Amino acid sequence: MPLVPSYIRNLANYKPGKPIEEVVREYGVERVIKLASNENSLGPSPKAVAAIEQALQSSHRYPDAFGFELRTKLAERFNVKLDNVVLGAGSEGIMSTIMRTFLLSDDELVSAANSFIGFRVLANASGRKVHWVPMKNYRYDLDAMANVINDYTKIIYIANPDNPMGTYATRNEFDDFYTQVPERALIILDEAYYEFSKENNDFPDSMSYRYDNVITLRTFSKAYGLAGTRIGYGFAHRELIGNLMKVKVPFEPSLLAQAAGLAALDDKEFLMQTLDLNKKGIGYLSDELRKLNVETVPSVTNFITTIWESEEKAIFISEALLKNGIIVRPLGSFGWPNCLRVSTGLESENEAFIDTLKTII
Ligand SMILES: Cc1ncc(COP(=O)(O)O)c(C=O)c1O
């Protein structure tokens, strides 16, 4: 098809975690436990659900294209100004706007190989040259990334913490890296798991230092349980945000998503419950996997990646779990064929996963 550029034709389709309905259909199981997509096992924030129900009554109206209320609330919460805040259909929506806003034809991108697949899709679809720098010990190798920065580097993407490894670049590491980045290059710090990782002392909360060329991305998808609602936000210098606001799809995010985000920010109880459950889940899963001699990567997120001796073994384990109605995420499409990622679930779900894994092993 000559109409389609080759870099689009050559893209692979995004493979999400297996949906529950598909597993019911294919494996004939009645109970399905989905630990595949780093979602919130408690469900959505109840305050957000109530707000969505109410907002439904106004859904014949277009949403506020300016996102005034939610941007104002986020600005107050994080101690910045309204014009430092942008909203999007998930943080991936904002990433997509960033690509369309800042890239000139010769610009290049830098990121880690085998990190967040959502960014990889957008970067490859941009048709620009991307330097995919191998990770080191399952972590971003910021020194190696600094070494590939050149006169054409425009966007540097760092998922901090990383998905799928759950590791993070420390404050010292990031500070050191930052000194090697020219001002004309934009650093995207994707903090989708910020709420889970912020209590680590050396985690570099990007809001505590606001550089002019850093964009922080955060989301309501994880800690607030709103993955299906598609609502994320970003913070940056007002000039960057001003340009993003010009390019973003005008009525993104939706009316329901904006209402949900506003209410979720007030749902402190739900957030506490989520963080508490996740902490216990990470502790339990790490301990039990260690007892089973399964190698894991220490994680500051709401998931743990397990490492198996081969791709065949990882696929065998994943399939055997599916037959028992448990969905985890094989990481072949991320570039880690011998790894499986498991998200924390409810206590009973975590236990069912471990019990089933024991019988399989
Ligand atoms: C690192 C990272 N960034 C962004 C996202 C997507 O967030 P959103 O749902 O806000 O688009 C995810 C979701 O898995 C993620 O792991």
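For the reader, a short list of remarks on this structure follows.
- For region 227-246, the condition of being assigned by TED's automatic domain parsing to the domain that holds Ala112, under 16 Å from Ser45 (Cα atoms) and open to solvent by 50 Å² or more (accessible area, probe 1.4 Å) holds for at least one residue.
- Hey, Asn163 touching a residue at least 40 places away in the same chain (Cβ under 8 Å) and more than 11 Å from the ligand (Cβ to nearest atom) or not: no
- Single unsatisfied condition, Ala55 versus (1) modelled with pLDDT of 95 or more; (2) open to solvent by 60 Å² or more (accessible area, probe 1.4 Å): (2)
- Only one entry of Asn172, Asn124 meets the criterion of being in contact (Cβ under 8 Å) with a residue 60 or more places away in the chain and of a type outside the set (Val, Ile, Thr), and that entry is Asn124.
- Residues of region 9-65 satisfying the condition of being over 21 Å from the mean Cα position of the chain (by Cα) and among the β-branched types (Val, Ile, Thr): Val23, Val24, Val29, Val32, Val49, Ile52
- One residue stands out among those in region 250-268 that are of a type in the set (Asp, Glu) and under 19 Å from Ala223 (Cβ atoms): the one that is most open to solvent (accessible area, probe 1.4 Å), which is Asp266.
- Evaluated against (1) assigned by TED's automatic domain parsing to the domain that holds Pro161; (2) assigned to a helix (DSSP H, G or I), Lys313 falls short on exactly one condition, (1).
Listed here are the residues, each with its yes/no results for (1) in the same structural domain as Tyr193 (by TED's automatic domain parsing); (2) in contact with a Pro (Cβ under 8 Å, 6 or more places away or on another chain).
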{"residue": "Ala12", "(1), (2)": "no, no"}
{"residue": "Lys18", "(1), (2)": "no, no"}
{"residue": "Arg25", "(1), (2)": "no, no"}
{"residue": "Gln54", "(1), (2)": "yes, no"}
{"residue": "Lys73", "(1), (2)": "yes, no"}
{"residue": "Leu87", "(1), (2)": "yes, yes"}
{"residue": "Arg100", "(1), (2)": "yes, no"}
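- Within region 287-319, tally of residues that are of a type outside the set (D, E, K, R), exposed (fewer than 15 other Cβ atoms within 10 Å of the Cβ) and touching a strand residue (DSSP E or B) at 6+ places or on another chain (Cβ under 9 Å): 1
- Pick from region 99-129, criterion of a type in the set (Phe, Trp, Tyr) and closer than 23 Å to Leu340 by Cβ, ranking: least open to solvent (accessible area, probe 1.4 Å): Phe119
- Filter result for Lys18 (at pLDDT below 95 and surrounded by 18 or more Cβ atoms within 10 Å (Cβ to Cβ)): yes
- Pairs are defined by a Cβ separation below 6 Å, a sequence spacing of at least 6 or placement on different chains, a first member in region 175-202 that is open to solvent by 10 Å² or more (accessible area, probe 1.4 Å), and a second member that is at pLDDT below 95 and assigned to a helix (DSSP H, G or I); no pair meets this definition.
- Answer residue from region 64-100, given it is farther than 19 Å from Ile117 by Cβ and in a strand (DSSP E or B) and is nearest to the ligand (Cβ to nearest atom) among those: Leu87
- For region 178-205, a residue qualifies if it is of a type in the set (A, V, I, L, M, F, W, C) and over 14 Å from Ala112 (Cα atoms), and the qualifying residues are Val181, Ala185, Leu186, Ala192, Phe196, Phe203.
- Across region 212-222, the qualifying residues are those that are of a type outside the set (D, E, K, R) and within 11 Å of the ligand (Cβ to nearest atom), and the one among them that is surrounded by the fewest Cβ atoms within 10 Å (Cβ to Cβ) is Ser221.
The values are calculated or read from the model by the stated rules, or taken from the named source; none is laboratory data. All figures in this text were calculated on a predicted structure; none of them were measured in a lab. Because the Cβ atoms are built from the backbone with ideal geometry, glycine has one as well, and the counts that use them run over all protein chains shown. Just so you know, the surface numbers come from the protein's heavy atoms only, side chains and all, with ligands and any DNA or RNA stripped out. Shrake-Rupley method; radii C 1.70, N 1.55, O 1.52, S 1.80 Å.
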